[in-house]
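Before any comments, here is the structure.
Every number in this text was worked out from the coordinates using simple rules, so none of it is lab data. Note that the structure is a prediction, hence the values are computed from the model and not measured. Positions of Cβ are generated from backbone atoms using ideal geometry, with glycine treated the same way; all protein chains shown enter the neighbour counts.
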Amino acid sequence: MPAARHRLRIPAALDRVADVRALARSVTDEIGAPQVCVDDVVQAVDEAATNIVLHGYRGRAGWLDVAVEREGDRVVITIEDDAPPFDPTAHPEPDLTIPADRRRPGGMGIHLIRLAMDAVAHRPRPGGGNILTMSRTLDPRPMEER
């Protein structure tokens, strides 16, 4: 199967996150990814892009560059931005012993990304900003079964 690589640049606006989800779904469908993989990738890219818009840019103008591609038996998503540096891989796991109705709203996005993807990596973007790389195998089994 030939590699599929697609890129998209959007303004940092919540109403444009749907474009990022559509790109992820389109590429994963194009490469014949199993539905569980498609769902995981779409959820992770949605969480990541939403976090960048809400917490990275905090209402300021900006952009997200998104690339989705197949690399061997994996789907790889790269999101670049020029928001202030933030490494989600250093963010602590939420305290899941606290009942959901007693937790502050939010704070689960990074956790959900970790659950959906096999690998999540961050590095500073030259000139400022962030590069987030996430990957998931095309294995049809959910993460907890692999």
Checklist entry - What number, rounded to the nearest 500 deg cm²/dmol, is the helix-based mean residue ellipticity at 222 nm of the chain, given -39500 (n - 2.57) per DSSP H run of at least four residues and division by all its residues? => result -8500 deg cm²/dmol
Checklist entry - How high is the relative contact order of the chain, in percent, with contacts defined as C-alpha pairs under 8 Å that are six or more residues apart? => result 28
Checklist outcome for this item: In whole Hz, the Karplus estimates of ³J(HN,Hα) for region 50-58 (6.51, -1.76, 1.60; θ = phi - 60°; x where Gly or Pro) are 4, 4, 5, 5, 6, 9, x, 8, 6
Item to check | In sequence order, calculated HN-Hα J values of region 9-21 (Karplus, 6.51, -1.76, 1.60; Hz; x Gly/Pro) | outcome: 10, 10, x, 6, 9, 4, 6, 9, 4, 4, 5, 5, 4
Checklist outcome for this item: For residue 125, other-chain or 5+-apart residues with amide H closer than 5 Å (H placed, Pro excluded) are 130, 131
Checklist entry - Based on Cβ point charges of +1 for Lys and Arg and -1 for Asp and Glu, what charge dipole magnitude is obtained for the chain about its Cα centre, in debye rounded to the nearest 20? => result 360
Next on the checklist: If each residue of separation counts as 0.36 nm, what is the full-extension length gain between residue 7 and residue 82 once their alpha-carbon separation is subtracted?
Outcome noted: 25.3 nm
Item to check | In sequence order, calculated HN-Hα J values of region 67-84 (Karplus, 6.51, -1.76, 1.60; Hz; x Gly/Pro) | outcome: 10, 10, 8, 9, 10, x, 9, 10, 9, 10, 10, 10, 10, 10, 8, 10, 6, x
